[in-house]
Amino acid sequence: MRKIDYQDIIFDCDGVVLNSNRIKTKAFAEISQKFGNKISKEFVDHHIRNGGVSRYEKIEFLISLVERRGLKEYQPKEKEKLRRTLLRDFSDFVYNELLICDISEGFFKLRDLFKTTNFYIVSGGDQGELQDVFNTRSLSVHFDGGIYGSPSNKFEIITHLKERDKLLGSVLYIGDSVLDFEVARHFQFDFIFVSNWTEFSNWENFFKDKSILCLRSLESIYEFIR
């Protein structure tokens, strides 16, 4: 297949550039375990079903579960303290793992192939944390378009970029979740789904009638389009 000269390529982070989905799933399981196995399982299942959604939204869901279960040790007046504690504990668990998890080998080949294309990260991960991790791992230099994340959601991030006269040409969006597909469809971007690190177990059935290119990894994309 001939290489398409995209002006911009947007990458999701977790499960696309970094092998970090399971790190975050484990972190959510850890921070919710103190509320009991039932709440923890319901929360982790919710997290997996909602890949790409920010930790801020997911923590709100966890707090709502705790409130509905009426756990006496977590009264509504303690909600803000609980929110801060959960976010801190999640970040503490995740940060060091993000510094050592695998980077997709295919990413660097794509960067070499698309020398004049702007690369962006648009992620559900915390923006400050992402920027710090990418700086520490010497990855920021590859993302000339910028590294963006929560608390803004992906729709808000891309809308803001467009308001700044970015992403106005041909755009490719590469993701591993239903949310990534929905964002790409909303903004009429070309979309490629990568499957090797996804936690979306039903992706084959979901995409079978949607005329979407599904490939195993960024390495597979490179081999497909070069």
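Here are some notes:
- Within region 91-172, trypsin sites (Lys or Arg not before Pro) in DSSP loop having at most 13 other beta-carbon neighbours inside 10 Å: LYS115, ARG164
- Per-residue Cβ neighbour rank within 10 angstrom, fewest leading, THR136, THR116, THR25: THR116, THR136, THR25
- Of all DSSP-defined beta bridges confined to the chain, some 5% are antiparallel rather than parallel.
- Residue of HIS142, HIS47, HIS186 that the Gaussian network model of the chain assigns the largest fluctuation, springs spanning Cα pairs under 10 Å: HIS186
- When the C-alpha to C-alpha distance is required to be over 18 Å, the pairs from LYS58/LYS79; LYS38/LYS81; LYS166/LYS210; LYS109/LYS208 that qualify are LYS38/LYS81; LYS166/LYS210; LYS109/LYS208.
- Only Lys, Arg (+1) and Asp, Glu (-1) charged, at Cβ; the chain dipole about Cα centre in debye: 460
- Relative exposure of SER201, SER150, judged by other C-beta atoms within 10 Å (fewest first): SER201, SER150
- For TYR56, the shell of other residues with beta-carbons less than 11 Å away shows a net charge of 0, using +1 for Lys and Arg and -1 for Asp and Glu.
No value in this document is a laboratory result; all are computed from the given coordinates. Remember, it's a predicted structure, so these values are computed and weren't measured experimentally. All Cβ positions, glycine included, derive from the backbone under ideal geometry; neighbour counts span all protein chains shown.
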